[in-house]
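Read-outs: derived from the displayed coordinates by stated rules, not from any lab. All of these numbers come straight from a predicted model, not from anything done at the bench. Every residue, glycine as well, gets a Cβ built from its backbone with ideal geometry; the counts of neighbours run over all protein chains shown.
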């Protein structure tokens with residue numbers, strides 16, 4: 001019965017990736033760094049993660065998954081992204097006894113210095129600029145029943161380009177349902193719900209001359225109008241199931257459908273082979289993405305002390321014409 005149910009749901013989820021039409025709405029949302037996932041484990045799964053997340057990286061994929069934590073955990077992820085862009089992520093989560101689990105994380109995206117060019121000086125002015133994006137997030141999750149958990153996050157978002165800045169906030173909501181059919185679980189997540197953001201700064205102030213033919217006319221100090229932009233609102237729904245093979249092996253299978261507000265509907269599938277909860281091999285694939293496709297990964301978990309575990313994960317993701325991206329993650333449970 002479980003296998004039949006999984007086949008039906010898998011077909012339904014994957015079918016949503018081909019009914020969205022031809023209009024992708026690319027470029028209609030800003031703060032794109034919020035769409036760069038964290039945690040190498042989940043990229044090795046092809047980002048089929050919403051129903052899998054049960055550790056500190058649930059802060060990103062589905063805050064409801066935080067309720068699965070039974071101890072405190074800290075984590076760090078580094079991503080050497082395309083075009084010499086770097087993304088760093090650090091997080092902490094801990095249990096408040098029976099009150100639930102809380103977590104906090106910080107995400108920083110940065111790039112190298114770029115030379116400023118203008119219409120009059122297309123080869124460069126000799127000045128440099130850079131751009132950074134930052135998000136600080138607070139999350140909370142708890143079990144509402146023995147089979148159903150709920151989580152929510154509040155995040156502060158800031159983007160900078162040279163001397164211009166944009167500030168905003170967003171919220172995430174997630175649920176995790178254990179169906180009672182062995183360990184089959186179904187989950188959903190809505191992320192980056194919030195008001196529009198817009199840039200402001202001194203470089204937008206310009207002098208304006210109403211009548212250039214009138215030498216007695218003084219200039220007016222004006223400000224260039226900047227259009228606001230939406231956050232990259234994303235809805236995810238997925239399921240996951242574990243098969244046990246003897247006492248040593250466990251095979252995880254997961255599938256997810258994703259509906260971003262600024263692109264076509266997308267999907268992903270992923271699998272993870274677990275040996276004694278110590279060594280892990282992963283593979284996943286993304287559907288209906290412009291460049292991303294295959295993802296592969298591996299992980300290792302070892303005890304440092306009697307009460308402390310170290311978890312190391314690595315993932316390789318194919319970006320097609322943009323080459324590949326390597327991701328590394330480390331977390332400590334104590």
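Tabulated results
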{"item": "Mean Cβ neighbour count within 10 Å, used as a protection proxy, ranking 97-107, 187-197 highest first", "result": "187-197, 97-107"}
{"item": "Nearest 10 degrees, 0 to 90: helix 2-15 Cα axis against the chain principal axis", "result": "20 degrees"}
{"item": "Inter-centroid distance (Cα atoms) of segment 215-275 relative to segment 130-185, Å", "result": "11 Å"}
{"item": "Relative exposure of 279, 81, judged by other C-beta atoms within 10 Å (fewest first)", "result": "279, 81"}
{"item": "Peptide ranges 246-254, 113-121, 309-317 listed from the most packed, as the mean C-beta count within 10 angstrom indicates", "result": "309-317, 246-254, 113-121"}
{"item": "Pairwise label distance in nanometres, residue 120 with residue 243, each label 7 Å out on the Cα-Cβ vector", "result": "6.9 nm"}
{"item": "Ranking of 154, 96 by count of other Cβ atoms within 10 Å, fewest first", "result": "96, 154"}
{"item": "Helical contribution to [θ] at 222 nm, DSSP H n ≥ 4, -39,500 (n - 2.57), averaged over the chain, rounded to 500", "result": "-2000 deg cm²/dmol"}
{"item": "Order of 225, 155, 25 - criterion: other Cβ atoms within 10 Å of each residue's Cβ, fewest first", "result": "225, 25, 155"}
{"item": "Entry for semi-axes √(5λ) of the Cα gyration tensor in Å (calculated from the structure that is shown) out of (1) 45, 25, 19; (2) 42, 21, 20; (3) 37, 25, 19", "result": "(2)"}
